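To start, the structure under review is shown below, and the notes come after it.
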């Protein structure tokens, strides 16, 4: 069904914006890294009431190069919103898109829904970001494992992989910001405390990067948080039903942090950029069973 009115090309050329210029202090030294990390989750972290239909918790970290994010990703998402909703006061939320609720009730029209999903997939495919995710299988936790907090466990594993990635970019001495969505005063305080504990512990081991966590209000319309929300559930679904067709997950395989960098994108990401807790059993004698970050991996965003 043709639609009237202006339609904006998602990826037309834009003038370069030197976003790095503001990342220097008064002495001209750089303070901030070239990367920004957006974090979201899928599923809940409760261990007392486990949903049998989705007994997992997924934490997803989308790592963007700031220039690419500012010049390409954000404009593309804004144009998508203008094209389909007429304004950009819309938050892309996986649950509402999937169930066609709220602003996305218009997607009940099959032709429009397929067109919209195709455009969204185009943005996801064209957006260069490195994906680090951890799936906590709550149904497989042992009694001892169950004493830990799924969110905190996943964060610990993901930060280890993020440490390795930032170090490979030779930016371990620069501040990298991690953006998470506010979940509640108590939950945010617990998360910040756990984040600082993990960071301080790694610092004592000489392994910590200068990460800083920022909390974004749920009403904040950040493109990076919306993409992180969109990627988390397909990862959880793939974990539960790995043989089921999952087009969204197939697209994401090219994004996962992996051994070998860009030349091997889409391969060797299990236990590197895609982490599992408890660790999955190896499928072959040479396949690792633990979530271990690689020592060298020149993967680029």
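In nanometres, what is the gap between the two model label sites at residue 241 and residue 9, each 7 Å from Cα along Cα-to-Cβ?
Once both label points are built, they end up 3.9 nm from each other.
With label points built 7 Å along Cα→Cβ from the Cα atoms of residue 100 and residue 185, find their separation and express it in nm.
4.1
Quote to one decimal, in nm, the extra length available between residue 88 and residue 51 on full extension: 0.36 nm per residue of separation minus the C-alpha distance between them.
On the way: separation 37, 0.36 × 37 = 13.32 nm, distance 3.39 nm.
Here the segment from residue 88 to residue 51 would lengthen by 9.9 nm.
Using the per-residue mean of other Cβ atoms lying within 10 Å as a proxy for protection, in what order, highest first, do the peptides 121-133, 104-116 fall?
Working: 121-133: 19.8, 104-116: 13.6.
Going from most to least packed, we get 121-133, 104-116.
Rounded to the nearest 5, what % of DSSP beta bridges with both residues in segment 29-277 are antiparallel? Show your work: numbers first, answer last.
Numbers: 17 of 34 bridges.
Approximately 50 percent, going by the DSSP bridge assignments.
How much length is gained if the chain between residue 139 and residue 197 is pulled fully straight, taking 0.36 nm per residue apart and subtracting their Cα-Cα distance, in nm to one decimal? Present the calculation step by step, with values, prior to reporting the outcome.
On the way: separation 58, 0.36 × 58 = 20.88 nm, distance 2.66 nm.
Once the chain is fully extended between residue 139 and residue 197, it gains 18.2 nm.
Sort the following peptides by mean Cβ neighbour count (other Cβ atoms within 10 Å, averaged over residues), highest first: 245-257, 81-93. Write out the running numbers ahead of the final one.
Values: 245-257: 17.3, 81-93: 15.6.
By packing density, highest mean first, the sequence is 245-257, 81-93.
Every number in this text was worked out from the coordinates using simple rules, so none of it is lab data. All values derive from a computational prediction rather than experimental measurement. A quick note on method: Cβ atoms are made from the backbone with ideal geometry, for glycine too, and the neighbour counts reach across all protein chains shown.
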